[in-house]
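Note sheet for the following structure.
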Amino acid sequence: FCLPIARLCFPAMPPRIRHRKVVLPSAPAPCELAAIAKPRRPVVFQPPGFKDELCAFFRGTGMDIECRYLEQILKWDDTLMEVCHDYIQWLLPTDEASKFNSDAPILDPECQRIFRDDAVIQRNLRRGAQRFMTFLGLAANLDSQNNEPPRIVKAQNFQKRMLMCWKGPENHNWKRISRALRCFGLVGMEDVQQALLTCLEEIIVEYPGMVDDKTVGHWLDEACVKSKLVHSITPGYVAALLGSPNMMTSLCKQFFEKYDSNGDGQLDVHEVTLLASELDSSLGLPSDAMDEASVSASIAAFSTDGMLSGEDFPLWFAQALKDVLKKGDKVKVEPPAEDKPADQHLEHIRPGYVAALLQSPQLLETICKSYFQRYDKNGNGELDPQEALQLSIDLHESLNVLPGIITEEQIVASMAAFTQGRTGSALSADEFPGWFRFALQQTLEERQSPRYTN
């Protein structure tokens with residue numbers, strides 16, 4: 001009786017009863033009361049043929065359990081995607097039962113195979129992923145038909161999306177991102193999985209503390225579902241790792257499994273040497289910077305048998321990261337060719353890289369030597385205001401900060417604090433690192449200013 005009345009009052013209410021039989025319970029007999037009082041295990045509802053429904057949903061011919069087509073969800077605005085909580089399990093399905101939606105489908109092994117092989121489903125999966133990236137304030141190119149690798153970066157509206165999608169504590173969108181990483185690995189979208197993780201790592205470095213360490217560690221774990229991820233270690237990421245025990249633990253687990261080629265639960269000298277070479281290469285050092293003799297010596301500090309166990313490895317890995325950063329004086333930054341445009345002069349300076357520069361005096365000193373020589377156009381051993389002005393403009397553009405109007409007088413004023421009382425306004429090679437650190441910090445502060453975020 002109640003259901004027809006509800007349909008008259010709320011005609012737009014989706015007919016969820018199509019999967020359920022409505023039975024009005026009768027009053028229990030006294031002998032049944034004891035059985036009813038006993039606690040019962042919760043039953044996860046799985047509608048009949050949920051696998052077929054999920055496939056039909058991504059083929060565009062079927063609806064989810066709330067009678068919504070994929071095309072309808074893709075057209076939702078960001079506010080609706082934020083406040084509605086029962087669509088994400090369909091848009092980004094996984095092989096785990098949802099703790100919050102008992103009606104959610106489960107991506108079983110057979111369904112995973114279909115999703116990997118069906119071209120229509122793959123295309124619509126990427127469309128769904130693209131819409132979710134837009135919701136997060138990210139710009140993505142996930143179309144596999146253009147023969148370009150997927151790329152995910154912060155969109156222009158990222159700052160405006162931070163409060164809703166990124167800032168904690170306990171932002172529920174962190175769990176949605178975990179679901180996305182796991183989903184991409186299960187359905188054959190490892191390239192998208194890698195692109196999203198790379199973007200997340202840049203955000204973690206640029207906004208330290210915004211996402212808690214436990215969540216970041218979980219992201220790293222989910223990013224390795226069904227895939228051997230090629231992890232890129234950047235200087236900025238090293239700085240974040242050394243300050244985050246959870247991130248370090250997750251990354252150690254990934255690297256240990258990756259380089260334990262014989263699966264014996266230990267890393268020998270040869271396996272550790274390969275790992276050390278990857279770390280050196282990632283930070284611009286020669287890949288042969290460490291030979292097996294050096295590696296053996298480094299292992300001896302943490303293990304007596306010349307092998308690194310799973311317990312020894314995190315201690316060795318943390319020390320290896322610190323040692324690699326200390327080799328900053330060996331980092332080779334090649335000057336650009338004369339025909340390169342000016343906006344490529346600071347191609348190595350990125351928001352994530354700045355974090356490592358400001359925390360590593362050795363690395364900053366090496367970079368300063370390179371850029372001082374690069375911008376000392378007349379080769380007189382000093383950086384005059386015009387040369388420093390060009391460096392400042394390039395620095396703003398490299399960090400995607402609108403430079404506004406920077407005058408030579410402003411540059412002279414900023415240089416005055418570092419010329420050590422000299423009457424001239426040019427910076428010497430010894431004075432340049434202090435000014436360059438100041439310029440980096442000022443540019444990052446501008447990046448967070450209302451003028452830039454709005």
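Just one residue in the set R127, R113, R123 is without any contact (Cβ under 8 Å) to a residue 12 or more places away in the chain and part of a helix (DSSP H, G or I); that residue is R113. When A140 is tested against (1) over 24 Å from Y69 (Cα atoms); (2) touching a residue at least 24 places away in the same chain (Cβ under 8 Å), just one condition goes unmet, and that condition is (1). For segment 175-217, taking the residues that are open to solvent by less than 40 Å² (accessible area, probe 1.4 Å) and assigned to a loop (DSSP other than H, G, I, E, B), the one that is modelled with the lowest pLDDT is identified as Y207.
Within segment 83-95, track down each residue that is closer than 26 Å to K167 by Cβ and either surrounded by fewer than 17 Cβ atoms within 10 Å (Cβ to Cβ) or among the aliphatic types (A, V, I, L, M) (or both).
V83, C84, H85, D86, I88, L91, L92
Across segment 152-169, the qualifying residues are those that are surrounded by 17 or more Cβ atoms within 10 Å (Cβ to Cβ) and charged (D, E, K, R), and the one among them that is farthest from A129 (Cα to Cα) is R161. Within segment 401-419, if we keep just the residues that are modelled with pLDDT under 70 and open to solvent by 50 Å² or more (accessible area, probe 1.4 Å), the residue that is nearest to Q156 (Cα to Cα) turns out to be L402.
When we screen H231, H172 for residues that are at pLDDT below 90 and farther than 23 Å from I114 by Cβ, the only hit is H231.
Considering segment 159-212, and only residues there that are closer than 18 Å to C224 by Cβ and among the charged types (D, E, K, R), the residue that is nearest to the chain's Cα centre (by Cα) turns out to be E201.
Taking C67 as the residue in question, decide whether it is modelled with pLDDT under 95 and surrounded by 10 or more Cβ atoms within 10 Å (Cβ to Cβ). Yes: the conditions hold for C67.
Within segment 99-120, the only residue that satisfies the criterion of being surrounded by 19 or more Cβ atoms within 10 Å (Cβ to Cβ) and closer than 20 Å to W174 by Cα is A104. The requirement of being buried (at least 16 other Cβ atoms within 10 Å of the Cβ) and not polar (S, T, N, Q) is not satisfied by L80. Filtered by the rule that a residue be among the charged types (D, E, K, R) and at pLDDT below 85, segment 299-327 gives K322, D323, K326, K327.
The values are calculated or read from the model by the stated rules, or taken from the named source; none is laboratory data. Since the model is a prediction, treat every value here as computed from it, not as a measurement. Quick reminder, even Gly has a Cβ in these numbers, built from the backbone with ideal geometry, and neighbours come from all protein chains shown. Just the protein is used for accessible areas: all its heavy atoms, side chains included, with ligands, DNA and RNA removed. Shrake-Rupley method; radii C 1.70, N 1.55, O 1.52, S 1.80 Å.
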